[in-house]
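Okay, so here's the structure we're looking at.
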Amino acid sequence: NFISAVVPPGEIGIKFDDIGALEGVKNALNELVILPMRRPELFSHGNLLRPCKGILLFGPPGTGKTLLAKALATEAGANFISITGSTLTSKWFGDAEKLTKALFSFASKLAPVIIFVDEVDSLLGARGGAFEHEATRRMRNEFMAAWDGLRSKDSQRILILGATNRPFDLDDAVIRRLPRRIYVDLPDAENRLKILRIFLAQENLESGFEFDKLAQATEGYSGSDLKNLCIAAAYRPVQELLEEERKVHQNDVGSVLRPLSLDDFIQSK
Ligand code: ATP
């Protein structure tokens, strides 16, 4: 269970269409991964066309790297294995060799498969010098050796897809093994509009809801920030409804209570 998820392609439930924006990234992944996995025969002759063994998605947090990885598996018809760098190195000290062997032999049985390594910098980050934990170093070396050991027949059908918010922390040896690096940027206003339309598609919006205005006002928001904003907004009507439905509290009476004055006394006479 050092693997956080293994999902067959039909069961991931996320497609490219569920991702707003990132058209350039989707196109690049189509060429680099989907086509070679779906049509391996196109890449099997000559020396020039070789499917790549490793891709790095890098960019700010919450921009959809994990989402892209999952959707990619759906689109490529590949199994999806997800591992998280920090979990691997913290929980599995000492078992590096066994674990990486198990992972890669499991993966070759599941091919075509995408092995998604989230926080790849924790697993395969720069060598930490004298302070680096011995187990982390062994895990990284084992991982890279197993990766290099993929037979070229398998390499067409096993892709390592790394994701990181800290690309500068990666070791040179790792960078070389991830020859394709794709920047997943924060969305601009046009793309924020597309993402907002996806999140609010099922909501009961007032007529004339101004998507444009919202997209303009959310400069600097990631896809994940936009999602949180929409969830908070969708909660407001529910909150108001709950307030209307609730019972009268002691405090409600307390808040309208006022001391009787002499006038009250005179009027009631
Ligand atoms: P981190 O680097 O923090 O792991 P990440 O880049 O992997 O972040 P995700 O986990 O893929 O980001 O995104 C978080 C959530 O934000 C997703 O579950 C998704 O709902 C939403 N999201 C982010 N970007 C998009 C997008 N372009 N279209 C639709 N949803 C998005």
Report summary line: Of D225, D188, D172, D212, the only residue that is in contact with a helix residue (DSSP H, G or I) (Cβ under 7 Å, 6 or more places away or on another chain) and charged (D, E, K, R) is D212
Query raised in the report: For segment 37-92, which residues satisfy the criterion of being within 15 Å of the ligand (Cβ to nearest atom), modelled with pLDDT under 75 and buried (at least 19 other Cβ atoms within 10 Å of the Cβ)?
Result: G85
Requested in this report: Filter segment 1-14 down to residues that are assigned to a loop (DSSP other than H, G, I, E, B) and loosely packed, with under 12 Cβ neighbours inside 10 Å and give me whichever is modelled with the highest pLDDT.
Outcome: G13
**Report entry** Residues of segment 194-208 that turn out to be loosely packed, with under 11 Cβ neighbours inside 10 Å and away from the ligand (no atom under 12 Å from the Cβ), as a count
**Finding:** 5
**Report entry** Options L186, L159, L214, L241: the member that is modelled with pLDDT of 95 or more, out of contact with any Phe, Trp or Tyr (no Cβ under 7 Å at 6 or more places or on another chain) and either under 30 Å from E75 (Cβ atoms) or part of a helix (DSSP H, G or I) (or both)
**Finding:** L186
**Report entry** Residues located in segment 10-22, provided they are under 14 Å from E75 (Cα atoms), within 11 Å of the ligand (Cβ to nearest atom) and either of a type outside the set (D, E, K, R) or free of Cβ contacts under 8 Å to residues at least 24 places away in the same chain (or both)
**Finding:** I14, F16, D17, I19
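The values are calculated or read from the model by the stated rules, or taken from the named source; none is laboratory data. If you're wondering where the values come from, they're calculated on a predicted model, not measured in any experiment. Heads up, the Cβs are rebuilt from the backbone with ideal geometry, glycines too, and the neighbour counts pull from every protein chain shown.
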